[in-house]
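**Q** This is the structure I have questions about; it appears just below.
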Amino acid sequence: MGAVPSTPRYGGSTQQDTAEYLIGTLVGEKSFPLGSDFWQKLLELPQDLRWPPDRVNQACELFAQNNGSTRHLSKILIHLSWCLQESMSTSGASPSLTLKILNALFISSVFLKHLIENTKSDCIQDLYLFLDETEPTPDHFTGGQSIENLVMQSVLSFIGSVDTSPNTYILHQELLNFMQIAMSTQLLSGPSPRPKDVNPFLDAAMAQESSLVCLVVRRLLENYLLRPTTSFGGVSYSTLSDGGPPGVLQRVGSAAANILLLPFNYLVSPKEEGSRSMLAECSLLVLLVLIHYCKCVLREEAMTEKSDDTATSDSLLKETTYLCDNPYCKALENARDIEFDRVVDVEGNACHGPLVKLPFASLFDTLGMCLTDEAAVLLLYSLVQGNSAFLEYVLVRTDIDTLLVPILETLYNASKRSSNHIYMLLIILLILSQDSSFNASVHKLTLPSVPWYQERRLHQTSLGSLLVIILIRTVKYNLSKLRDVYLHTNCLATLANMAPHCHRLSAYASERLVSLFDMLSKKYNKLAELRDKKTHINRGNSLEEDSLVEDMSTEFYIYTDFLRIVLEILNEILTYALPRNPEVVYAIMHRQEVFQPFKNHPRFNELLENIYTVLDFFNSRMDAQRVDGEWSVDKVLEVIIINCRSWRGEGMKMFTQLRFTYEQESQSEEFFIPYIWQLILAHCGFSFNPDAINLFPPNISAENQESNAEADKHGNGDVKVNGIFLDP
């Protein structure tokens, strides 16, 4: 594939020779007009041919050199659009037309990817997505539409309007693979969107009609829910060859395929294929890219400035930036349950305009089975955070354990998961815990057993108790491993929201709750001792040492707040739910010595007053009992249960209920966009030149990315937990 080879003698030439000539001509200096029969010959090539990696690289380099004059990338994209339009205008794509579409996809993807990863984010014009003004064009070609818009409209129209079936599966798969490459211009830009960022194919996707956007969102979600797999086992294109031998670049050696990246679905090992649907995974990841894309644009605003020495006003223009609305995000946020909408339609109250209608029941069940997958967690987060209808649906489900138990099992195995994965699950729990009916319902569901919990046999445990146990376990794991204070905040926020609604918390959950206070108090005392020691030693020393003391003081105050939150959690259980939680009373009585050091502490004494009021009440009842022999656990608990009935809460101080709410950070795209692309690179067989990546440090994987949140406490007792941003 060096210089353009001479025309082969077709009479005796092999298919390989013909392919060599056509590909060599494509990457060469000669420009072929759109109407040339060269394109038909190129797109009708058989796909059982292979080229070694060095020749593929050489072809890509020649193509990049000559594309500015030949505009062959634009021309093959136009032919791809025409083939897709033809397939949609007929009852179904014939094998020969399908072959042309796949060839156009594969060839354009190879060269488009090379061009993208070898250019700069502000030099995307080097793709030359336009034809030369002197270019002769067929009569049916209209030049008013941009090429990127033409191709994206055709690709998205096919995805949205053509059902996924055994005959169209491979086209849907490869169109999604093409979209990943076309949208990979995001990798060239930084995590914060800027006006000079250029993403032509993504911008074209955003410019589509709302009806098409809804069709695409629905199809991508349907692919994810139905999880179709190819009937060919992912290794044969028998439908394309009219009974001929299997073809396509699945025959390309693995080394070459890593460069060609085509087709992606053949790069998956056979042992994974049985349990995975590559179409479902790609559909979800493409959807996540679309819904989180943010286009930043400049806007000029008029400002009036009054002169100091005159009464006249001067009008000035100031440039500001803003993020454009994302139609895919809006479509997902406005999605409705297909069953509910049927009822609404009967009543004549259907919503106007295009809407994505989905079976929420299937979505709920599918997500419950897939939460070990980070992309599924991101979809669940997007739905419960942005779609009020789906959140309401989740909250009224009587089998909320379908969703919660997999979340809790994933948190239990936190050491095997990325910190981002854990953090997103905790935010989902926090969002759910904002609803009082959720907090009440989790204590009404009893789990016969929890086989994956190894530390202790949990038998007939309420879902609420399990939730408390796992959240506390996550705090302890974080304290010893991750040491992320924002993760602590999310766990404690969820526990605080649940506290007033606790009902018959189990003995183990109650003991864990008191042990959480004990663990955090030890950390607090250690920090207090270190801070005082450093302050005494470093008084008057260097600025660096002063900064160290200040950092230690900051951590000290953070743990002071953590201790207060745990005490408030205990207060709310004792104030609003004591008669229903005798095991909590027992756990506090059993470990009452852990509270003693803080009884007279100015930061904690008011929160300990209620705890000691409860202790005094039940200790006095214990002292009044005459017991033969030693006190046993059962005897103590019996006394507590009896006296819970006579508990009236006398002497208890009423505090404002501490309620936490989650609010997504205004610049959340700085977290989501890099995170999603890391998942694509990690799971879709899609490699990219690491030297070209500016979206995130290429040596930082999705598993090592850290995410953060902020918590702001307000005077009314509410705490707003603000969103997620990337902290590399």
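The values are calculated or read from the model by the stated rules, or taken from the named source; none is laboratory data. Here the structure is a predicted model, which is why all the values come from computation and not from measurement. Cβ placement follows ideal geometry from the backbone for every residue including glycine, while neighbour counts extend to all protein chains displayed.
**Q** For the range 582-625, what are the residues that are of a type in the set (S, T, N, Q) and closer than 18 Å to GLU650 by Cβ?
**A** If the condition is that a residue be of a type in the set (S, T, N, Q) and closer than 18 Å to GLU650 by Cβ, then ASN610, THR613, ASN619, SER620 are the ones that fit.
**Q** Return the residues of the range 586-635 that are assigned to a loop (DSSP other than H, G, I, E, B) and more than 29 Å from LEU658 (Cβ to Cβ); say none if nothing qualifies.
**A** Those that are assigned to a loop (DSSP other than H, G, I, E, B) and more than 29 Å from LEU658 (Cβ to Cβ): ALA624, GLN625, ARG626, VAL627, ASP628, GLY629, GLU630, TRP631, SER632.
**Q** Among the candidates SER666, SER701, single out the residue that is in a loop (DSSP other than H, G, I, E, B), at pLDDT below 90 and within 22 Å of ASP197 (Cα to Cα).
**A** SER666
**Q** Checking the structure you have, find out if any residue of the range 81-88 is modelled with pLDDT of 90 or more, of a type in the set (Asp, Glu) and closer than 30 Å to SER165 by Cα.
**A** yes
**Q** In the list ALA499, ALA493, ALA507, which residue meets the criterion of being under 26 Å from the mean Cα position of the chain (by Cα) and small (Gly, Ala, Ser)?
**A** ALA493
**Q** Right, next: Just wondering, is there one or more residues in the range 129-138 that are in contact (Cβ under 8 Å) with a residue 12 or more places away in the chain, under 25 Å from SER94 (Cα atoms) and surrounded by fewer than 20 Cβ atoms within 10 Å (Cβ to Cβ)?
**A** Checked against the condition, which is being in contact (Cβ under 8 Å) with a residue 12 or more places away in the chain, under 25 Å from SER94 (Cα atoms) and surrounded by fewer than 20 Cβ atoms within 10 Å (Cβ to Cβ), the range 129-138 yields at least one hit.
**Q** Right, next: Quick check on my filter: what residues within the range 143-191 are touching a residue at least 60 places away in the same chain (Cβ under 8 Å), assigned to a helix (DSSP H, G or I) and of a type in the set (Gly, Ala, Ser)?
**A** SER154, SER157, SER161, ALA182, SER184
**Q** Of all the residues that make up the range 639-663, how many are among the aromatic types (Phe, Trp, Tyr) and part of a loop (DSSP other than H, G, I, E, B)?
**A** 2
Every residue, every condition in (1) among the β-branched types (Val, Ile, Thr); (2) within 29 Å of LEU49 (Cβ to Cβ); (3) under 29 Å from the mean Cα position of the chain (by Cα), yes or no:
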position	(1), (2), (3)
SER94	no, yes, no
THR119	yes, yes, yes
LEU129	no, yes, no
SER165	no, yes, yes
ASN177	no, yes, yes
ILE181	yes, yes, yes
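**Q** Can you confirm whether GLY68 is out of contact with any helix residue (DSSP H, G or I) (no Cβ under 6 Å at 6 or more places or on another chain) and assigned to a helix (DSSP H, G or I)?
**A** Yes: the conditions hold for GLY68.
**Q** Within the range 293-333, how many residues are among the acidic types (Asp, Glu), closer than 30 Å to CYS214 by Cα and either at pLDDT below 60 or assigned to a loop (DSSP other than H, G, I, E, B) (or both)?
**A** So the answer is 1.
Listed here are the residues, each with its yes/no results for (1) β-branched (Val, Ile, Thr); (2) within 30 Å of ILE641 (Cβ to Cβ); (3) in a helix (DSSP H, G or I); (4) touching a His at 6+ places or on another chain (Cβ under 6 Å).
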{"site": "LEU447", "(1), (2), (3), (4)": "no, yes, no, no"}
{"site": "THR474", "(1), (2), (3), (4)": "yes, no, yes, no"}
{"site": "TYR477", "(1), (2), (3), (4)": "no, no, yes, no"}
{"site": "ASN497", "(1), (2), (3), (4)": "no, yes, yes, no"}
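**Q** Sticking with this structure for a sec: Within the range 601-612, work out how many residues are without any contact (Cβ under 8 Å) to a residue 40 or more places away in the chain and touching a helix residue (DSSP H, G or I) at 6+ places or on another chain (Cβ under 9 Å).
**A** 3
**Q** OK, next. Restricting the first residue to the range 1-30 and requiring it to be assigned to a helix (DSSP H, G or I), which pairs with a second residue that is at pLDDT 85 or above and surrounded by fewer than 15 Cβ atoms within 10 Å (Cβ to Cβ) meet a Cβ separation below 7 Å and a spacing of at least six or different chains?
**A** LEU22/LYS41
**Q** Using beta carbons and a limit of 8 Å, which pairs, at least six apart or on different chains, have the first residue in the range 673-693 and in contact (Cβ under 8 Å) with a residue 60 or more places away in the chain and the second one part of a helix (DSSP H, G or I) and of a type in the set (Phe, Trp, Tyr)?
**A** Cβ pairs passing all conditions: CYS684/PHE264; GLY685/PHE264; PHE686/PHE264.
**Q** Still on this structure, I have one more. Among the listed residues ARG659, ARG645, which satisfies the condition of being among the basic types (Lys, Arg), surrounded by fewer than 11 Cβ atoms within 10 Å (Cβ to Cβ) and touching a residue at least 12 places away in the same chain (Cβ under 8 Å)?
**A** Every option except ARG645 fails the conditions.
**Q** Would you tally the residues in the range 353-392 being among the hydrophobic types (A, V, I, L, M, F, W, C) and not in a helix (DSSP H, G or I)?
**A** Result for the range 353-392: 5.
**Q** Pick from the range 607-638 the residues that are loosely packed, with under 11 Cβ neighbours inside 10 Å and within 15 Å of ALA587 (Cα to Cα): which of them is farthest from the chain's Cα centre (by Cα)?
**A** Per the criteria, the residue is SER632.
**Q** So, in the range 577-588, how many residues would count as being touching a helix residue (DSSP H, G or I) at 6+ places or on another chain (Cβ under 7 Å) and surrounded by fewer than 18 Cβ atoms within 10 Å (Cβ to Cβ)?
**A** The qualifying residues number 1.
**Q** Counting just the residues of the range 469-523 that are modelled with pLDDT under 95 and in contact with a strand residue (DSSP E or B) (Cβ under 6 Å, 6 or more places away or on another chain), which one comes out surrounded by the most Cβ atoms within 10 Å (Cβ to Cβ)?
**A** Restricting to residues being modelled with pLDDT under 95 and in contact with a strand residue (DSSP E or B) (Cβ under 6 Å, 6 or more places away or on another chain), the top hit is THR489.
**Q** Exactly one condition in (1) hydroxyl-bearing (Ser, Thr, Tyr); (2) at pLDDT below 95; (3) under 29 Å from LEU187 (Cβ atoms) is false for SER94; which is it?
**A** The number of the failed condition is (3).
**Q** Please name all residue pairs, on different chains or six or more residues apart, with Cβ atoms under 7 Å, provided the first residue is in the range 457-477 and is at positive phi and the second residue is not in a helix (DSSP H, G or I).
**A** Listed pairs, sorted by first residue: GLN460/THR446; GLN460/PRO448.
**Q** Count, please, the residues in the range 393-421 that happen to be modelled with pLDDT under 95 and in a helix (DSSP H, G or I).
**A** 5
**Q** Return the only residue of ASN103, ASN66, ASN118 being polar (S, T, N, Q) and buried (at least 21 other Cβ atoms within 10 Å of the Cβ).
**A** ASN103
**Q** Continuing with the same structure: Within the range 192-233, work out how many residues are closer than 22 Å to LEU115 by Cα, under 22 Å from the mean Cα position of the chain (by Cα) and buried (at least 20 other Cβ atoms within 10 Å of the Cβ).
**A** 5
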